[in-house]
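The values are calculated or read from the model by the stated rules, or taken from the named source; none is laboratory data. Nothing here was measured: the structure is a model prediction, and the numbers come from that model. No Cβ is skipped: glycine too gets one built from the backbone with ideal geometry, and neighbour counts run over all protein chains shown. Side chains are part of the model used for accessible areas, which takes the heavy atoms of the whole protein and leaves out ligands, DNA and RNA. Shrake-Rupley method; radii C 1.70, N 1.55, O 1.52, S 1.80 Å.
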Amino acid sequence: MRTSRFLYATRKKILGNHHSPSRMPDSTACVLPTPFVHRSVPVRTNIIASSDRFSATCSKETIVEKARKFNAICVKPKRSFNKGPDLPNAPDMNVFHFKKFLRTKGLEYEESHSCLSLNIPKHILDDTLGEAAAPEDISTPSVFINKKTGNFVIPGCGVTGSWSEFESLIITWLKNRNLKRTDSKLTYPVLCSIESNVPHKLSSYYRELTSVGDLSDSDFKHLLKNLKLLRRDFEIKDFVQLEARVNADLNEVLFPVRYTSGNVVGYRKIFIENSDVSEVNVPFSANSALLPFPHGLYEAGSSSNSSSS
């Protein structure tokens, strides 16, 4: 249309008022209707109205206040993550406190994913072990400190304890080391050892039970049936090797758990509860550093030593 009008104006300048029969009509003679398209736009409820936007723009609110008002209107899904470590309730019982104590006392340590390991002289455990170390014994058993709870264990000596007991042990050792030979030494704290880990009552109860080796073949089958075990997978000698004992009702079995030194540190109890087979460590303690202990480790080491010899 614009091209036709341009040619018409140019032709008029050249030819004047002499129009050809094919004269283009005047632009005002034909008025085209304006096209109208109806579109439905969904209304969003989380958009600020124009009046509110205008008042917010003209007000003296800060950008932070405007952002808070906008976030309050717009509904957004929230997600939260809890990555905090599960530490004891005491505020100072954390791995940073453990490391700081070791550094201030001049103790070198190595850190792994779950514990801090270091070495201490064996003679400071004489009161706990109940025997005096030989003067030529300069061994330094390894200590493993739990980074979460602070409980420690000395596997080579079968000694365990809490973080407060470990602090007391190290402080006493450092004080005695700085004393003169003529001065009297401080007494070392007595820690928990595997000798006193099993209560006497529990040991007596285990001895009163019947050895699986003394059961008849029918009683042994009944025992396996109660424990929901297959007869073809087990033999009496397997239970005898692990020193298993059973009660009179043939629905409870106790396996002694021995430390690497051969001392009993607890029992593995398998019993029937509400028609289901349950398995627990006894004696149970939430802060136990020895249980659960790998059951059968001592027997496996003993058998390997006997075969090699």
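Restricting the search to segment 133-158, which residues are at pLDDT 85 or above and either crowded, with 16+ Cβ neighbours inside 10 Å or under 12 Å from Phe98 (Cβ atoms) (or both)?
If the condition is that a residue be at pLDDT 85 or above and either crowded, with 16+ Cβ neighbours inside 10 Å or under 12 Å from Phe98 (Cβ atoms) (or both), then Val143, Phe144, Ile145, Asn146, Lys147, Lys148, Thr149, Gly150, Asn151, Phe152, Val153, Ile154 are the ones that fit.
If I filter segment 152-186 down to residues being touching a helix residue (DSSP H, G or I) at 6+ places or on another chain (Cβ under 7 Å), touching a residue at least 24 places away in the same chain (Cβ under 8 Å) and of a type outside the set (A, V, I, L, M, F, W, C), which single residue comes out as farthest from Pro256 (Cα to Cα)? Within segment 152-186, the match that is farthest from Pro256 (Cα to Cα) is Glu167.
Residues in segment 99-132 that are under 16 Å from Ser193 (Cβ atoms) and open to solvent by 30 Å² or more (accessible area, probe 1.4 Å): Lys122, His123, Asp126, Asp127, Leu129, Gly130, Glu131, Ala132.
Of the residues Tyr298, Tyr259, Tyr267, which single one is out of contact with any His (no Cβ under 7 Å at 6 or more places or on another chain), at pLDDT below 85, among the aromatic types (Phe, Trp, Tyr) and open to solvent by less than 70 Å² (accessible area, probe 1.4 Å)? So the residue among Tyr298, Tyr259, Tyr267 that is out of contact with any His (no Cβ under 7 Å at 6 or more places or on another chain), at pLDDT below 85, among the aromatic types (Phe, Trp, Tyr) and open to solvent by less than 70 Å² (accessible area, probe 1.4 Å) is Tyr259.
Might you check whether a residue that is under 21 Å from Val265 (Cβ atoms), of a type in the set (Ser, Thr, Tyr) and surrounded by 15 or more Cβ atoms within 10 Å (Cβ to Cβ) occurs anywhere in segment 184-196? Scanning segment 184-196 turns up at least one residue that is under 21 Å from Val265 (Cβ atoms), of a type in the set (Ser, Thr, Tyr) and surrounded by 15 or more Cβ atoms within 10 Å (Cβ to Cβ). Test Glu279 against the criterion of being under 29 Å from Ser193 (Cβ atoms), of a type in the set (D, E, K, R), at pLDDT 90 or above and open to solvent by 30 Å² or more (accessible area, probe 1.4 Å), and give yes or no. So Glu279 fails the test.
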